[in-house]
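So the structure is just underneath, and the comments pick up after that.
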Amino acid sequence: MMKLENRLLRDIMTRGVVTVSVTAKVKEIVSLLSKQGLSGVAVTGNDGVAVGVISDMDILKVIGIENWENITAESIMTSNIQKIKPMCTLGEAAKMMREKSIHRLLVFSESGVGASQRPIGILSASDIVREAGR
């Protein structure tokens, strides 16, 4: 059996990334996260290119602020996107998360015109923990 840290992200990542526009309001994002049972989404610009990530923790930071429901995705997103390829290993992903103190990585395809700008998957720390428990 293959060691956990040698498994490929393409086999573990959540395929297809739920995205919101930079102009989406927090109330829409909260609704989307709860309906889909997610803890984070990618944020895209008008061209469909990923420009950030929003986690449930980013939302917690603004809940309770006056008019928080209407704050835009752009205002609360983390714009420092950590990209990783589907052929990378779980060990490499875990190391990147530890070193950067982040909880999710966007997975971008290896090649193809424009493909490197649109995420094909997402990997969260909880995905790694779930895999380790199997």
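Just so it is clear, none of the values below were taken in a lab; they were calculated from the coordinates. In this text, all values refer to a predicted model and were calculated from it rather than measured experimentally. Note that each Cβ is placed from the backbone with ideal geometry, even for glycine, and that neighbours are counted across all protein chains shown.
Extension gain, N6 to S34: 0.36 nm times the residue separation minus the Cα-Cα distance gives 6.9 nm. In the chain, helical runs assigned H by DSSP with n ≥ 4 each contribute -39500 (n - 2.57); averaged across all residues and rounded to the nearest 500, the mean residue ellipticity at 222 nm is -7500 deg cm²/dmol.
Computed across the chain, the Kirkwood hydrodynamic radius from all distinct Cα-Cα pairs reaches 15.4 Å. A dipole drawn for the chain from +1 and -1 charges on Cβ atoms has a positive end, and of L4, I29, T44 the residue lying farthest that way is L4. Within the range 1-32, name every residue whose backbone N is under 18 Å away from a label modeled 7 Å from Cα of R134 along the Cβ vector. Of the residues in the range 1-32, 1-16 have backbone N under 18 Å from the label point off R134.
Using the crude model of +1 on Lys and Arg Cβ and -1 on Asp and Glu Cβ, and no other charge, please compute the dipole size for the chain relative to its Cα centre, in debye to 20. Please report the intermediate quantities before stating the final value.
Values: 17 positive and 14 negative charges, 86 e Å.
It comes to approximately 420 debye.
Give me the count of lysine pairs in the range 1-110 whose alpha carbons sit under 22 angstrom apart, restricted to pairs 8 or more positions apart or on different chains. Value for the range 1-110: 12.
Counting other Cβ atoms within 10 Å as a rough exposure proxy, the listed residues L60, L90 run L60, L90 from fewest neighbours to most. Take the Cα of R15, step 7 Å toward its Cβ, do the same at K83, and the gap between the two points is 2.2 nm.
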